[in-house]
Every structure is written in C-alpha cells, then in structure tokens.
C-alpha cells in the first residue's frame, strides 16, 4: 500500500475511534439496598469496593415519590459515619459532622430552605457547642461564643463586609454585655 493511501486510511481509523470516544474505564461501585426503619429503604454505596460502604442514603416514599430523608458518609473510610445530613422534600435541613474523626460530633450546620443559617461548633471538645456562627446570604453576620465553658454565651461579634464591626463581652456571667468595642 502506498503512503498516500495509508495516511487517509489511518486518519479514517483514528477518526472512527474518536467518534466512539475513549474506552470507558471499568468502575463498579457496589450498591446495595435493604429495608430500613419506618418503611425506609437504605441504599448503601461501597465506592472503593472494599466491602465497607462509604455512603448510606435513607429513602422514603413521600407523596408517591422515593425521596432522600437522610444521608450518612464515612469520609475517611474507617467504617464509621463522619457526617449525617437530614432532608425534607430532598432539601437539606441539618448536617452533623465529626471533623476530627474522633467519634463525636464537632459541628452542626442548620439550613433554612437549603441555605445555611447557623453553624454550631464544639471547639473545646466538652460535648456541647460553644461557638455559634449566624449566616445571612452565605456570609457570617454574627458570632456568639462561650469562652468560659459554663454553657452561656459571653462574647458577641457582629460582622460587616470589611470584618468585625463590633464586639460585646459579658465578663461577670450575668447575661448583660459589660464591654463594648466598635
């Protein structure tokens, strides 16, 4: 075969292969479904096929449709749930996270109409939230903190686009701001 004929045939073969697209990589996630509590179906997904699912979707028939009501994730693939999210009509309501993977919840996000409005964190690992960030349009508007560990907010910070606009501190734990900084 001449080189002039070979080039068009080779171009045609390459072109046909390109039309078919690249070969699909073989990827098989193991998806299993089983009955759950309250008439739910639990759909579990083993992303890395190690026999331990990393995703658990809790689905329920609502208004004739199968809807997600809860999702659990094993983010570090140690077999323990690190993040749980709750949904209503498939819109997120709340998400709890174990950010440091020690088995306890460190952060809880609260949502309104699918938008985060509050994040509570347990920064001192005592099992109770001590840092509360309130959001408006995706930005922190206010932060309240319990800096003494007594379960009561004693510091308030109000934010504007440039950063902290004012701070209030309750030094004597009576619930009244003693020091204001603007």
State the number of residues belonging to region 169-179 that are modelled with pLDDT of 90 or more and assigned to a strand (DSSP E or B).
-> 1
Quick one: how many residues across region 47-65 are in contact with a strand residue (DSSP E or B) (Cβ under 7 Å, 6 or more places away or on another chain) and surrounded by fewer than 12 Cβ atoms within 10 Å (Cβ to Cβ)?
-> 1
Only residues that are in contact with a strand residue (DSSP E or B) (Cβ under 9 Å, 6 or more places away or on another chain) and exposed (fewer than 13 other Cβ atoms within 10 Å of the Cβ): list them for region 129-150, please.
-> 136, 137, 138, 139
Give the residue, chosen from 78, 48, that is assigned to a loop (DSSP other than H, G, I, E, B) and over 30 Å from residue 132 (Cβ atoms).
-> 48
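The values are calculated or read from the model by the stated rules, or taken from the named source; none is laboratory data. Just so it is clear, the model here is predicted, and its values are computed rather than measured. Ideal geometry is used to build each Cβ from the backbone, glycine not excepted, and the neighbour counts take in all protein chains shown.
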